[in-house]
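Enquirer: Structure in structure tokens, see below.
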Amino acid sequence: MPKRIATAGFLQETNTFVAKPTAYVDFAEHSISGQIYLGEEVEELYSVNSGVAGCSQVAAEAGIELAPLLWCEAEPGGTVSDEAFERIMGELTGRLSAALPVDGVYLELHGAMAVESFEDAETEIVRRVQAVVGHDIPITCSLDLHGNISPDLIHCCAGISAFRTFPHVDMRESGIRATRQLLEVMTGEAPGQGALIALPFFIPMHQQSTLGEPAASIYREMERYERELDTSAHLSFLMGFYPADTYWTGPSVIAYAADEAAAQAAASHMESFIQAQRPHFSATLHTVKEAVHRAQLHQGAKPLAIAEVQDNPGGGSPGDAMTLVAALHQAGVQGVAVSAIWDPVAVEFLSDKRIGECYTLAVGGRNGYGEPLYAEFELLDFGERRFKGEGPMLGGAHVYLGRTAVLKLGGIRLVVSENRVQNLDQGCFSAVGIAPESERVLVIKSSAHYRAHYGPIIDTFINVDTPGAYPADPGLLSFEKLRTGVARQASLP
């Protein structure tokens, strides 16, 4: 009999400082996945950049049979409701029970999901899966590198592999690594002993990109350790998701090895290396005034990208701050394109209006992060918009913007969408007829993911201090549940 592995995915990144909870509908109508995949529907994800795609690749190579159960994802946002969690977990465990017997379980999780009743949601997911299959059946997980990880999760899992890139272009590879760990444990090649070291400081989110330093050096050292110093070790460095008021919020190092001592040694090596890089992280952002000045002066052959890193929907922010747009308009900056502003109210107002006409309305600023921009806009385009992501992050996955308007305000064109979408692919512009490579200035609501696809077409990028739910300096957040001893400030000496 061939070995058989059950697979499932249940992902959301929780910003507990966002008041609006994440509901079941947010999983069922996610702007990228668009549905909750059940049973064989999960196989549709085998062709995109996903952990289950990596799992399917390893299974095919090893002659392993897969039993796909369920896969779903919600946009980063507020705490997941108990109703949503229980409904999805009921479906997942019910399908798992029907799929028994299995020899192992691979789960694609996030690592920073918090539920009303369980602030460590990933551990609760694994425990419930374990209750169905039994403690003798190994479970491995792939995680986002922004996970907030507890020791309990390490004890429940036979292996864990987190992303090693930000922008996340290695989701498939993380699934490959986690599935290979699972096969090692299933075949008795490795007992799957794990160790966790939680680091006592936060890393500013816009400094976490592995395209630059010091993050790039940390991941290079981690891979060097695995390759040269301990070829049996499986290492992960998670930079944490700090807009989450939970006990284990923050960066961590995870190691799995042949025995507990080897795992602890590997984790300790990486802890020392990361601590040495700590002074190189900074929370500094450009002011809006500085960003406007740069935009006025920019004459490059390629566009200047201005990233509103704190208003990033990928971090739970609304994506509707208008502070920078208002300042650019007031300064008369020309050749600017902005994507995407989340404003279903403005979209509804414009739904029956004529293309080419001008309308006075308020845009953005509806969720407490700055004021709406009230002005006369020209309506350039309107309609349902969906696109296939061509960049390395989406890897062919589709993004649904919903009903979308393109507005003109002086020298600025604004993409205003019905759905809250992080701009992590050039399709956020091209889907509405804007060629991003031809603009002077691009305003992008993302912290780092956009750099994977936009990198080749931009001259340079700057990070700007505009309002949002994901502050660059975590010292601005009011933690109540965080463990003691964690340095909350991000600007380090």
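The values are calculated or read from the model by the stated rules, or taken from the named source; none is laboratory data. Source: prediction; values computed, not measured. Don't worry about glycine lacking a Cβ; one is built from the backbone with ideal geometry, like all the others, and counts go over all protein chains shown. All accessible areas refer to the heavy atoms of the entire protein, side chains included, with ligands and DNA or RNA removed. Shrake-Rupley method; radii C 1.70, N 1.55, O 1.52, S 1.80 Å.
Enquirer: Ratio to report: Rg/Rh of the chain, with Cα atoms as the point set and Rh obtained by the Kirkwood method; give two decimals.
Expert: Checking Rg against Rh, the ratio lands at 0.98.
Enquirer: Per-residue HN-Hα couplings for region 378-391, Karplus 6.51 cos²θ - 1.76 cosθ + 1.60 at θ = phi - 60°, whole Hz, x for Gly and Pro?
Expert: After applying 6.51 cos²θ - 1.76 cosθ + 1.60, I find 8, 8, 8, 6, 7, x, 5, 10, 9, 9, 8, x, 9, x Hz.
Enquirer: So, by mean Cβ neighbours within 10 angstrom, what's the order for 337-345, 369-377 with the highest one leading?
Expert: 337-345, 369-377
Enquirer: Dividing the alpha-carbon radius of gyration of region 370-434 by 2.2 N^0.38 Å (N being the number of residues), what value is obtained?
Expert: 1.18
Enquirer: Taking K and R as +1 and D and E as -1, what net charge do the other residues with C-beta under 15 Å from the C-beta of A62 add up to?
Expert: -1
Enquirer: Exceeding 31 Å between C-alpha atoms, which entries from my cross-link table qualify? They are K289/K408; K3/K388; K388/K481; K289/K481.
Expert: Those over the limit are K3/K388; K388/K481; K289/K481.
Enquirer: Taking amide H positions as placed 1.01 Å from N in the peptide plane, with prolines and chain starts having none, which residues 5 or more places from I32, or on another chain, fall under 5 Å of its amide H?
Expert: Y400
Enquirer: Let me ask another. In Å², what does the accessible area per residue of the chain work out to with a 1.4 Å probe?
Expert: 36
Enquirer: Return one number: the angle in degrees, 0 to 90 and rounded to the nearest 10, between the long axis of the Cα atoms of helix 215-224 and the longest principal axis of the Cα atoms of the chain.
Expert: In the chain, helix 215-224 runs at an angle near 20 degrees to the longest axis.
Enquirer: Tell me, how many Å apart are the Cα centres for region 223-279 and for region 323-382?
Expert: 45
Enquirer: First compute the accessible area of region 278-343 with a 1.4 Å probe, then give the percent of it belonging to carbon and sulfur atoms.
Expert: 55
Enquirer: Output the 0 to 90 degree angle, nearest 10, between the alpha-carbon long axis of helix 121-133 and the longest principal axis computed from the alpha carbons of the chain.
Expert: For helix 121-133, the angle is close to 40 degrees.
Enquirer: To continue, here is another question. Between H155 and E378, how many nm apart are label points set 7 Å from Cα along the C-beta direction?
Expert: Reported label-point gap for H155 and E378 is 6.5 nm.
Enquirer: Where does helix 51-62 land angle-wise versus the long Cα axis of the chain, in degrees 0 to 90, nearest 10?
Expert: The angle comes out at about 40 degrees.
Enquirer: Something else now. Quick check on region 272-352: take the gyration tensor over C-alpha atoms, sort the square-rooted eigenvalues as a ≥ b ≥ c, and tell me if it's rounded (a/c under 1.5), prolate or oblate.
Expert: Cα axes put region 272-352 in the oblate bin.
Enquirer: Out of all DSSP beta bridges in the chain, what portion is antiparallel? Express it as a percent rounded to 5.
Expert: 45
Enquirer: Can you tell me what the convex hull of the Cα atoms of region 204-359 projects to on average, as an area in nm²?
Expert: Its Cα hull, projected and averaged over all orientations, spans 14.4 nm².
Enquirer: Okay, moving on. Can you compute the FRET efficiency between S268 and Q296 using 1/(1 + (r/R0)^6), with r the Cβ-Cβ distance and R0 = 56 Å? Round to the nearest 0.05.
Expert: Given R0 = 56 Å and the Cβ-Cβ separation, E is 0.65.
Enquirer: Give the residue from P372, G335, Q426 lying farthest towards the positive end of the charge dipole for the chain; charges sit on Cβ (+1 for Lys and Arg, -1 for Asp and Glu) and the dipole is referred to the Cα centre.
Expert: Highest projection toward the positive end goes to G335.
Enquirer: If each of E371 and E43 carries a label point 7 Å out from its Cα toward its Cβ, how far apart are those two points in nm?
Expert: The modelled label-to-label distance comes out at 5.7 nm.
Enquirer: Let me ask you something else. Find how much the distance from T460 to R483 grows on full extension, using 0.36 nm per residue of separation minus their present alpha carbon separation; answer in nm with one decimal.
Expert: 4.4 nm
Enquirer: Can I ask one more? Would you mind working out the magnitude of the charge dipole of the chain relative to its Cα centre, with +1 at each Lys and Arg C-beta and -1 at each Asp and Glu C-beta, to the nearest 20 Debye?
Expert: Taking the Cα centre of the chain as origin, the dipole is about 1000 debye.
Enquirer: Starting at the first residue of region 251-265, write each ³J(HN,Hα) from the Karplus equation 6.51 cos²θ - 1.76 cosθ + 1.60 with θ = phi - 60°, in whole Hz, x for Gly and Pro.
Expert: Here the 3J(HN,Hα) series is x, 7, 10, 10, 9, 10, 8, 5, 8, 5, 5, 5, 5, 5, 5 Hz.
Enquirer: For T22, which sequence-distant residues (separation of 5 or more, or a different chain) have an amide H within less than 5 Å of its own amide H, given hydrogens modelled in the peptide plane?
Expert: G78, T79, V80, S81
Enquirer: Please list R451, R354 from largest to smallest accessible area, probe radius 1.4 Å, with all protein chains kept in place.
Expert: So, going from the largest accessible area down, we get R354, R451.
Enquirer: Given only helices, namely DSSP H runs of n ≥ 4 each adding -39500 (n - 2.57), what is the per-residue ellipticity at 222 nm of the chain, to the nearest 500 deg cm²/dmol?
Expert: -8000 deg cm²/dmol
Enquirer: Hey, can you rank 232-240, 130-138 by average C-beta count inside 10 Å, highest first?
Expert: Result, highest mean first: 232-240, 130-138.
Enquirer: Still on this structure, please answer the following. Kirkwood Rh, Cα Rg: Rg to Rh for region 321-411?
Expert: 0.99
Enquirer: Under a point-charge model restricted to the Cβ atoms of Lys and Arg (+1) and Asp and Glu (-1), what is the dipole moment magnitude of region 377-493 relative to its Cα centre, in debye to the nearest 20?
Expert: So the magnitude is around 320 debye.
Enquirer: Check Y374: other-chain or 5+ apart residues with amide H under 5 Å from its amide H, H built from backbone geometry?
Expert: Residues meeting the amide H criterion: V363.
Enquirer: Still on this structure, please answer the following. Along region 103-116, what does the Karplus equation 6.51 cos²θ - 1.76 cosθ + 1.60 (θ = phi - 60°) give for ³J(HN,Hα), rounded to whole Hz, x for Gly and Pro?
Expert: 9, x, 9, 10, 10, 9, 10, 9, x, 10, 8, 10, 10, 3
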